[in-house]
Amino acid sequence: MTPPVVLTIAGSDSGGGAGIQADLKTFAALGAFGVSVITAVTAQNTLGVTAIHPIPIDVVAAQLDAVLDDFPLAAVKVGMIGDPAVAELILDRADRLPNLVVDPVLVATSGARLAETASVAPLVAYPCLLTPNRHEAAALVGRVIETAEEMAVAADELVGRGARAVVVTGSEGAVDVLRFDGTTEVLRGEPVRTENNHGSGCTFSSAIAVRLAAGDPVPTAVRNAKSYVTAALLGGRDWRLGDGPGPLDHFVF
Ligand SMILES: Nc1ncnc2c1ncn2[C@@H]1O[C@H](COP(=O)(O)OP(=O)(O)O)[C@@H](O)[C@H]1O
Ligand SMILES: Cc1ncc(COP(=O)(O)O)c(N)n1
């Protein structure tokens, strides 16, 4: 059977654990056919980011149009965009981008700054499914977020700005908060004791996109994606693929 096509619009991670590389592995692992629009090339490994080269906007647009002109997209995941012009491009083509999941990538797990808050601002007001981690949600609402209650208030505020649904993720504690359709759901996962969490956010948002493409309602897609990330974190727990926080085992199944 022909698989559903899922698009990632994101940056390349030379270390293979996050960005486009994590997205395409997640798509393949969960049964989707992945296509990609690369917005930036990062020189990166498990220890950090040493260079960022944004792709010129006309080349980003050409990639997007090449994909749109030939593939029936079932869902789209947006990761690192780096430049407000890319956000504007996505908004301009948004009526052809179904099941839009936006991970407002601002800071890498290693702490390196990957984008300015202003670059994702135009997308935050679009009715997409937003997946900020606690720190990204804090940058978007302009205050520190620590507790699940604060995550819920921030998610509600971001829905108020136009998002269709918001999941604020809590990293190691494995507690995420979903705000959708007027209700708040606190998702309590199994906390995995691991150093290897590089790309967990990219993997989570990509898995949500695949599950939406498969027809899951939003809360089911988010729960299924969370189970997949937990399994991939468990699978890669003992891997030693670099001196810093390593990647997940995307093909754990
Ligand atoms: N150590 C962990 N154990 C269990 N779940 C985790 C762990 N680290 C991250 N997660 C989960 O991975 C998903 C991605 O979240 P997060 O790591 O916060 O994203 P980001 O990479 O953007 O910081 C969330 O569902 C979060 O709860
Ligand atoms: C190119 C690129 N995109 C995104 C991330 C965020 O990774 P994480 O999922 O660990 O927050 C990254 N480190 N590099």
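Derivation of every value follows stated rules applied to the coordinates shown; laboratory data play no part. All of these numbers come straight from a predicted model, not from anything done at the bench. Quick reminder, even Gly has a Cβ in these numbers, built from the backbone with ideal geometry, and neighbours come from all protein chains shown.
Determine the shape class of region 61-183: with a ≥ b ≥ c the square roots of the Cα gyration tensor eigenvalues, call it rounded for a/c under 1.5, and otherwise prolate if a/b is greater than b/c, oblate otherwise. Walk me through the numbers before you get to the answer.
Working: a/c = 2.04, a/b = 1.56, b/c = 1.31.
Since a/c reaches 1.5 and a/b is larger than b/c, the shape of region 61-183 is classed as prolate.
Could you work out which residue, out of Pro132, Pro122, Pro217, moves most in a Gaussian network model of the chain, that is, has the largest mean-square fluctuation with Cα springs under 10 Å?
Pro217
Report the residues of region 234-253 in range of a label on Arg193: point 7 Å along Cα→C-beta, backbone N strictly under 19 Å from it.
Those under the cut-off are 234-240, 245-246.
Enumerate the helices in the chain for which the Kyte-Doolittle hydropathy averages 0.0 or more and the C-alpha atoms extend at least 24 Å along the helix's axis, using complete DSSP H runs.
Working: long enough: 218-235 (25 Å, 0.56).
Within the chain the helices that satisfy the rule are 218-235.
For a quick check, take a GNM of the chain with Cα springs below 10 Å and name the residue from Val218, Val186, Val166 with the largest mean-square fluctuation.
In this elastic network of the chain, the residue with the biggest mean-square fluctuation among Val218, Val186, Val166 is Val186.
Per residue of the chain, what 222 nm ellipticity follows from adding -39500 (n - 2.57) for every DSSP H run with n ≥ 4, rounded to the nearest 500? The partial results should precede the final answer.
On the way: 8 runs with 93 residues, N = 253.
Per the formula, -11500 deg cm²/dmol.
Gaussian network model of the chain, Cα springs within a sub-10 Å range: biggest mean-square fluctuation belongs to which of Leu140, Leu114, Leu89?
Between Leu140, Leu114, Leu89, it is Leu89 that shows the largest mean-square fluctuation.
Looking at the chain, which longest stretch skips every one of the GluC sites (Glu not before Pro) that is in a DSSP loop with at most 14 other Cβ atoms within 10 Å, leaving the sites themselves out? Mind dumping the intermediate values first?
Numbers: sites that count: Glu116, Glu146, Glu195.
It works out to 1-115.
Give me the one-decimal nm value for the distance between modelled label points at Ala28 and Phe251, 7 Å along each residue's Cα-to-Cβ direction.
For the pair Ala28/Phe251, the computed spacing is 0.6 nm.
So if each residue of separation counts as 0.36 nm, and I subtract the Cα-Cα distance between Asp58 and Asp156, what length gain in nm does that give?
Values: separation 98, 0.36 × 98 = 35.28 nm, distance 3.52 nm.
That works out to 31.8 nm of additional length.
If you restrict to DSSP beta bridges whose two residues both lie in region 69-174, what percentage is antiparallel, to the nearest 5? Show your work: numbers first, answer last.
Working: 1 of 9 bridges.
The antiparallel fraction comes to roughly 10 percent.
With a point put 7 Å past each Cα toward its Cβ, work out how far Ala51 is from Arg113 in nm, to one decimal.
If labels sit at Ala51 and Arg113, their model points lie 2.1 nm apart.
Among Phe33, Phe180, Phe71, Phe253, which comes first, second and so on when ranked by fewest other beta-carbon atoms within 10 Å?
On the way: Phe33 16, Phe180 19, Phe71 13, Phe253 10.
Taking fewest neighbouring Cβ atoms as first place, the list is Phe253, Phe71, Phe33, Phe180.
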